[in-house]
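**Q** Pasting a structure here, questions to come.
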Amino acid sequence: MSIAARLEELGIELPAVAAPVAAYVPAVVHNGLVYTSGQLPFIEGALPATGKVGAEVDADAAKGYARTCALNALAAAADAAGGVDRIAGVLRVGGFVASDPAFTGHPGVINGASEVLGEIFGDAGKHARAAVGVAVLPLDTPVEVEVTFILA
């Protein structure tokens, strides 16, 4: 099954590629891989929330934002690669969670990204990953995700 067909089966419509907020491009193709820049959970050009996970933002909401980040990353990768069906799988996910110092559930938050990529790509969605807590992220977003995809 093609990735486009799988997205349709799951009822997932990829968003428009988010415009960069600084001096970079959303994704770069190199040697059979697509590297995405860190993606924020933009929905129609706006952040759904700001603040720290474990304080102003709860972990379940942040997990949903990580999912949105992963879909934004797939949209950027598909755009750079010439279409979503040129993406064959996922190599690595890097997740960043702006969190209250007492919050330790970073892996659960970034599962939002990992789980949706697994739903889309199946076994080809299994990946290496980092889930890192940070003091602050761009635009005070609670979550940022970068993904390295494998080209078909």
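**Q** Can we say VAL28 is of a type outside the set (Gly, Ala, Ser), touching a helix residue (DSSP H, G or I) at 6+ places or on another chain (Cβ under 7 Å), part of a strand (DSSP E or B) and open to solvent by 20 Å² or more (accessible area, probe 1.4 Å)?
**A** Spelling it out, VAL28 is indeed of a type outside the set (Gly, Ala, Ser), touching a helix residue (DSSP H, G or I) at 6+ places or on another chain (Cβ under 7 Å), part of a strand (DSSP E or B) and open to solvent by 20 Å² or more (accessible area, probe 1.4 Å).
**Q** Identify, by number, the condition in (1) surrounded by fewer than 23 Cβ atoms within 10 Å (Cβ to Cβ); (2) in contact (Cβ under 8 Å) with a residue 40 or more places away in the chain; (3) assigned to a helix (DSSP H, G or I) that CYS69 doesn't meet.
**A** Unmet for CYS69, out of (1) surrounded by fewer than 23 Cβ atoms within 10 Å (Cβ to Cβ); (2) in contact (Cβ under 8 Å) with a residue 40 or more places away in the chain; (3) assigned to a helix (DSSP H, G or I): (1).
**Q** Evaluate the following for ALA98: is it surrounded by 21 or more Cβ atoms within 10 Å (Cβ to Cβ) and of a type in the set (Gly, Ala, Ser)?
**A** Yes: the conditions hold for ALA98.
**Q** Considering only the range 54-72, how many residues are touching a Phe, Trp or Tyr at 6+ places or on another chain (Cβ under 9 Å) and under 19 Å from VAL93 (Cα atoms)?
**A** 4
**Q** Just to be sure I understand the filter: pairs with C-beta atoms under 8 Å, separated by 6 or more residues or on different chains, first member in the range 11-27 and among the aliphatic types (A, V, I, L, M), second member surrounded by fewer than 13 Cβ atoms within 10 Å (Cβ to Cβ) and at pLDDT 95 or above. Which pairs pass?
**A** Going by the 8 Å Cβ cut-off, the qualifying pairs are VAL21/LEU139.
**Q** If you take the residues of the range 54-63 that are under 22 Å from ALA18 (Cβ atoms) and under 16 Å from the mean Cα position of the chain (by Cα), which of them is surrounded by the most Cβ atoms within 10 Å (Cβ to Cβ)?
**A** ALA62
**Q** Given the conditions (1) within 15 Å of the chain's Cα centre (by Cα); (2) among the small types (Gly, Ala, Ser); (3) within 29 Å of ALA23 (Cβ to Cβ), and given that GLY108 satisfies all but one, which numbered condition is not satisfied?
**A** (3)
**Q** Also, I was wondering about something else. Looking only at residues that are out of contact with any helix residue (DSSP H, G or I) (no Cβ under 9 Å at 6 or more places or on another chain) and small (Gly, Ala, Ser) in the range 34-53, which one is surrounded by the fewest Cβ atoms within 10 Å (Cβ to Cβ)?
**A** The extreme case among them is ALA46.
**Q** So, one more: Might you check whether a residue that is closer than 23 Å to HIS30 by Cα, open to solvent by 40 Å² or more (accessible area, probe 1.4 Å) and in a strand (DSSP E or B) occurs anywhere in the range 74-82?
**A** Checking the range 74-82: not a single residue is closer than 23 Å to HIS30 by Cα, open to solvent by 40 Å² or more (accessible area, probe 1.4 Å) and in a strand (DSSP E or B).
**Q** Turning to a different aspect of this structure: Going by the conditions given, is LEU117 out of contact with any Lys or Arg (no Cβ under 8 Å at 6 or more places or on another chain), assigned to a helix (DSSP H, G or I) and open to solvent by less than 40 Å² (accessible area, probe 1.4 Å)?
**A** Yes.
The values are calculated or read from the model by the stated rules, or taken from the named source; none is laboratory data. Just so you know, these numbers come straight off a predicted model, no measurement behind them. Counting neighbours? That spans all protein chains shown, and the Cβs are built from the backbone with ideal geometry, glycine included. The protein model used for the area step is the full one, side chains on, heavy atoms only, and it has no ligands, DNA or RNA in it. Shrake-Rupley method; radii C 1.70, N 1.55, O 1.52, S 1.80 Å.
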